[in-house]
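Every number here is computed from the coordinates shown, using simple stated rules; none is lab data. Values in this document were obtained by computation on a predicted structure and should not be read as measured data. In this analysis, Cβ positions are derived from the backbone assuming ideal geometry, glycine residues included, and neighbour counts consider all displayed protein chains.
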Amino acid sequence: MFGLEIWQFWLAVGITAFAGFVKGAIGFAMPMIMLSAFGSLLPATTALAALILPTLLTNIQQAFRQGPDAARNSIRSFRWHIGTVLVFICVSAGFAQAIPQGIMYALLGVPIVLFASWQLAGRSLALPLHHRRRAEVGMGVIGGLYGGISGIWGPPLIILLLSLGVDKREQIRVQGVVFLLGAVVLLIAHLASGVLNAQTLPLSAVLCIPAFAGMLAGFVLQDRLDVVQFRRWTLILLVLTGANLVRRAFDFWM
């Protein structure tokens, strides 16, 4: 089924549904969870391809949850960051298949572990920003370069939003808008690069179903419950999944 064993396919479905649930609840971490977990099931480029369409679909829902006017305002407010991310996703996407899998796993796993561990330790990710435009562009370069090769460009944006003191509702919407526009560019870039092809595109399309279902369930948690403890357990999960990517990187080098 889609070039996978039956157990691989259904495990991928379960992972995607859980990743969608987490995204619905806290607004991010879906690609990180999917790629980290898929690293034990699929080749790195197949794992990247599989998350592209679910990421696109769920970000449409997240970006427009408060309506198109709110989404447009977020685009205007963060236009420098968005523009930079889009440009650098295109720049780096062509290197996705050229980077050895061991290096890709390490490049993904180490920052995820550091990012989650730092927050679990109770340390703020907020940075002293003296010039917002420079900060938006700088974080956009980092996010875009990472996004093109991995499908993950969220952590630099989250650091930027925390540093600017954006409130929770706007933060989740801005994340959705930026992730959505980046996902569109990622889709186009990897149709061109060959990562998303006749073999991987159907798998990515089918995984949209559990991703969307999981996200709707996550919205219920976001709206009704305090997500502080849930976010803590999500960060613990990210540490474990990032560590698994680092382990996979060492497997390739041993």
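Some points to look at:
- Cα gyration tensor category, rounded, prolate or oblate, for region 161-216 with a/c compared to 1.5: oblate
- Distance between region 44-83 and region 176-254 - C-alpha centres, whole angstrom: 13 Å
- Rounded to the nearest 10 degrees, the angle from helix 208-224 to the longest Cα principal axis of the chain is 30 degrees.
- When peptides 72-78, 50-56 are sorted by average Cβ neighbour count within 10 Å, with the highest value leading, the order is 50-56, 72-78.
- Ordering 34-42, 159-167, 3-11, 88-96 by mean Cβ neighbour count within 10 Å, with the highest value first, yields 34-42, 88-96, 159-167, 3-11.
- Angle in degrees between helix 132-150 and the longest Cα principal axis of the chain, rounded to the nearest 10: 10 degrees
- Between 0 and 90°, nearest 10: helix 79-93 axis offset from the chain longest Cα axis: 20 degrees
- Each of M30, Y105, W80 was scored by the projection of its Cα onto the charge dipole of the chain, and the greatest displacement toward the positive side belongs to W80; charges sit on the C-beta of Lys, Arg, Asp and Glu.
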